[in-house]
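What follows is a single structure, written as structure tokens, with notes after it.
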């Protein structure tokens, strides 16, 4: 149970907009093209509408994938344009690119706006990345002389998709060697990619990179992947969770993970403190109150457990598991009074 809660909390954090999902450019298409020109990237245009069912499915199941987000954002400036011609939205875009149904994904050259690749209908990560590679053209056989860490990471990602794993691994190892202090904001990306290639080394890579990449683009994702790479038992995971909670003191997910681990280790007083802190940081989330109720019940504080369950039920009155737990505790209390 504790491992399940840990995995769930880490996954929620990893898929949150700050660290995982595709981060859409906040401006219009012209501004996105200018940004792409400055950064030497393509433009990805996600054409969507409020009434488009599969657009929303892709939000939930595709654009939320942190690995896809990283793979895309290395090479494109992603922008969303609402296309709803009857209501006057995205009319020019629809006319220029012949958009009749949704969703549509366009990979555009930033200079002229020419289409490099196009996808229509519901899509998943592999098809989107195949279209990206089509838009980019063949990957070079080697890195240009003097290529910096960011360029090496971009090439390594393409080589991985092309099946050139050894070449990619050498490039990523070089990035970690020359950017060990994470100055160029590339070591975090390199560690995440290399862990895909060498999952048996994931914990070591994250342990080496996460503490030094403070403020890096993918710092929180590094910490969450590090959590999941460790064995669920033992002090190594506990030490990592404590370090994460200290690194992100205002992050309720980090407090919740630590509370769950402490509960599993039988350290009930410490666990209760972290669960209370998580509840303060996640005021609209039932999980911290539910965990606190479990901890307090284990301590023998039935009244405290009931109070925590009442807090959780006030947030979600229809959760059957919470209501069942409250009923059980109430019946036990009534039986004792008799």
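Numbers for the structure displayed
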{"read-out": "Cα convex hull of region 202-338 - mean projected area over all directions, nm²", "value": "9.0 nm²"}
{"read-out": "Over the chain: helical MRE at 222 nm, DSSP H runs n ≥ 4 each giving -39500 (n - 2.57), nearest 500", "value": "-18500 deg cm²/dmol"}
{"read-out": "Sites residue 28 and residue 332, calculated FRET efficiency, Cβ-Cβ separation with R0 45 Å, nearest 0.05", "value": "0.15"}
{"read-out": "Globularity index of region 29-136, i.e. its alpha-carbon radius of gyration over 2.2 N^0.38 Å", "value": "1.00"}
{"read-out": "Cβ-Cβ FRET estimate between residue 166 and residue 133, R0 fixed at 25 Å, reported to 0.05", "value": "0.85"}
{"read-out": "Taking 107, 25 and counting other C-beta atoms within 10 Å, the order from fewest to most", "value": "25, 107"}
{"read-out": "Candidate values [x] 22.5; [y] 20.4; [z] 23.2, label of the one derived for Kirkwood radius over Cα pairs in Å", "value": "[x]"}
{"read-out": "Centroid-to-centroid separation of region 75-148 and region 248-269 [C-alpha atoms, Å]", "value": "42 Å"}
{"read-out": "Using alpha-carbon coordinates, inclination of helix 29-39 to the longest axis of the chain, degrees", "value": "80 degrees"}
{"read-out": "Rounded to 10°, Cα long-axis angle of helix 165-178 versus longest principal axis of the chain", "value": "70 degrees"}
{"read-out": "Per-peptide average of other Cβ atoms within 10 Å, ordering 329-336, 163-170 highest first", "value": "163-170, 329-336"}
{"read-out": "GNM result for the chain, Cα springs below 10 Å: residue of 108, 68, 322 fluctuating most strongly", "value": "322"}
{"read-out": "Percentage relative contact order, region 223-327, counting C-alpha pairs under 8 Å, at least six apart", "value": "16 percent"}
{"read-out": "The chain: relative contact order as a whole-number percent, Cα under 8 Å and 6+ apart", "value": "13 percent"}
{"read-out": "Among 67, 285, 319, residue whose mean-square fluctuation peaks in a GNM of the chain (springs only between Cα atoms under 10 Å)", "value": "319"}
{"read-out": "Between helix 219-229 and the chain: long-axis angle, C-alpha atoms, 0 to 90°, nearest 10", "value": "60 degrees"}
{"read-out": "Estimated FRET transfer efficiency (residue 100, residue 184; beta-carbon r; R0 51 Å; 0.05)", "value": "0.75"}
{"read-out": "Percent of beta bridges antiparallel (DSSP, the chain, rounded to nearest 5)", "value": "60 percent"}
{"read-out": "Most fluctuating residue given options 224, 109, 30, as computed from a GNM of the chain linking Cα atoms under 10 Å", "value": "30"}
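Taken together, the values in this text are just the output of simple stated rules run on the coordinates, not laboratory data. Here the structure is a predicted model, which is why all the values come from computation and not from measurement. Please note: Cβ atoms are built from the backbone with ideal geometry, for glycine as well, and neighbour counts cover all protein chains shown.
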